[in-house]
There are 2 protein chains.
Amino acid sequence: MKRRNTPAQQAILAMLKSSPSALSQDMIEQQLKGEADRVTIYRVLNRFCEDGLTHRIVSDDGKSYFALCKKCEKHHHAHDHFHFRCVHCQKVECLEEEVKASLPAGYSALNVNCWVSGYCAECRV
Amino acid sequence: MKRRNTPAQQAILAMLKSSPSALSQDMIEQQLKGEADRVTIYRVLNRFCEDGLTHRIVSDDGKSYFALCKKCEKHHHAHDHFHFRCVHCQKVECLEEEVKASLPAGYSALNVNCWVSGYCAECRV
DNA sequence: CTCACTAATGCAACAATGTTGCAATAATAA
DNA sequence: TTATTATTGCAACATTGTTGCATTAGTGAG
Ligand SMILES: [Mn+2]
Ligand SMILES: [Mn+2]
Ligand SMILES: [Zn+2]
Ligand SMILES: [Zn+2]
């Protein structure tokens, strides 16, 4: 199934590229102001993940956030870093720190989803 | 506001105490087979968290899981451990391993929500 | 034990996030 | 220019969770 280049995809990819923080569907919808349907945004984001352009991080605020893959190789993706969500400005960031968790014997890890929430430097109290 | 002792609460607390894994609302509802309303289960679980009996862990499967507080002191709760979810048998466990994440300068942490998903020892492939 | 107070429950309705079916639209390649 | 079909928009739906409100039932006082 060959991909096509559409305005919605271009706009969303541009947003992700220019944004310093990861984005959720509702953030994108707001900024697009009706340029694309709610469902289209979800579908575009899912496609980006399938294609290895972005990774999805499921937050404890009940939403999924999407961040560009930066250090991933074409066929080797690794998203085992921590994520940070500022409870004040809602910014979501991929942290440098890698997740290192030792599992009980016999367990094997497929995926990691690690969040720290709190105040970012700008929102510090 | 003084708490009262009701059958629903007793049943849910008993389930949590006897279960080796953390439980979600739907798991509890299934096992209770109509003994308690959906909403009641949610309210009981929230009350348990307020009272420091359990802690809530929000999973990347879109559900909240609830686990008894074991090592927490009355007025000092610490839930900064990893959690594991088996993608095959759905079991959710609190792991021993503590989360240690170093944040960027100026950031402060309020809460931590860390998951590893994969196969547990019983479901190993 | 009886009673009054009100915490807890059940039900209906709602909110938020996300997915699916289907007809219409529009990229793309021939 | 045209045919093919990926992508879109809309409506409907699924899941998880919360809220309002009338009813039920713990609990402590008398
Ligand atoms: Mn990647
Ligand atoms: Mn605790
Ligand atoms: Zn902030
Ligand atoms: Zn398992």
Mind listing whichever residues of the stretch A:67-117 are open to solvent by 60 Å² or more (accessible area, probe 1.4 Å) and of a type in the set (Val, Ile, Thr)?
-> none
Selection status of residue A:117, facing chain B (nearest Cβ under 8 Å), outside any loop (DSSP other than H, G, I, E, B) and small (Gly, Ala, Ser) | yes
When you scan the stretch A:1-51 for helices (runs of 4 or more DSSP H) that lie fully inside it, which ones turn up with 3 or more residues that are open to solvent by less than 40 Å² (accessible area, probe 1.4 Å) and among the hydrophobic types (A, V, I, L, M, F, W, C)?
-> A:7-18, A:38-50
Answer with yes or no whether residue A:109 is touching an Asp or Glu at 6+ places or on another chain (Cβ under 6 Å), among the hydrophobic types (A, V, I, L, M, F, W, C), closer than 22 Å to residue B:86 by Cβ and within 7 Å of chain B (Cβ to nearest Cβ).
-> no
Residue A:62 meets each of (1) of a type in the set (Gly, Ala, Ser); (2) surrounded by fewer than 19 Cβ atoms within 10 Å (Cβ to Cβ); (3) over 19 Å from residue B:62 (Cβ atoms) with one exception, condition (3)
All positions within the stretch A:1-26 that are in contact (Cβ under 8 Å) with a residue 24 or more places away in the chain and either closer than 15 Å to residue A:68 by Cα or within 16 Å of ligand 4 (Cβ to nearest atom) (or both) = A:9, A:11, A:12, A:13, A:16, A:17, A:20, A:21, A:22, A:23, A:24, A:25
Of B:64, B:21, the only residue that is over 20 Å from residue A:107 (Cα atoms), polar (S, T, N, Q) and within 14 Å of chain A (Cβ to nearest Cβ) is B:64
Within the stretch A:75-106, residues assigned to a loop (DSSP other than H, G, I, E, B) and facing chain B (nearest Cβ under 8 Å) come out as A:87, A:99, A:101, A:102, A:103, A:104, A:105, A:106
Is there a residue in the stretch A:64-86 that is within 11 Å of the chain's Cα centre (by Cα), within 11 Å of ligand 1 (Cβ to nearest atom) and aliphatic (A, V, I, L, M)?
-> yes
Starting from the stretch A:80-103, take each residue that is at negative phi and among the β-branched types (Val, Ile, Thr) and list its partners that are open to solvent by 20 Å² or more (accessible area, probe 1.4 Å) and within 16 Å of DNA strand C (Cβ to nearest atom), counting only C-beta distances under 7 angstrom and pairs at least six apart or across chains.
-> A:92/A:21; A:92/A:85
Determine if the stretch B:68-80 includes at least one residue that is more than 30 Å from residue A:122 (Cβ to Cβ), small (Gly, Ala, Ser) and out of contact with any helix residue (DSSP H, G or I) (no Cβ under 6 Å at 6 or more places or on another chain).
-> no
Out of B:32, B:103, report the one residue that is within 16 Å of ligand 3 (Cβ to nearest atom) and over 17 Å from the mean Cα position of the chain (by Cα).
-> B:103
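The values are calculated or read from the model by the stated rules, or taken from the named source; none is laboratory data. The structure presented is a predicted model; accordingly, all values stated were derived computationally and were not measured. Here the Cβ is made from the backbone with ideal geometry for all residues, glycine too, and neighbour counts use every protein chain on show. Note: accessible area is taken over every heavy atom of the protein model, side chains too, but ligands, DNA and RNA are not part of it. Shrake-Rupley method; radii C 1.70, N 1.55, O 1.52, S 1.80 Å.
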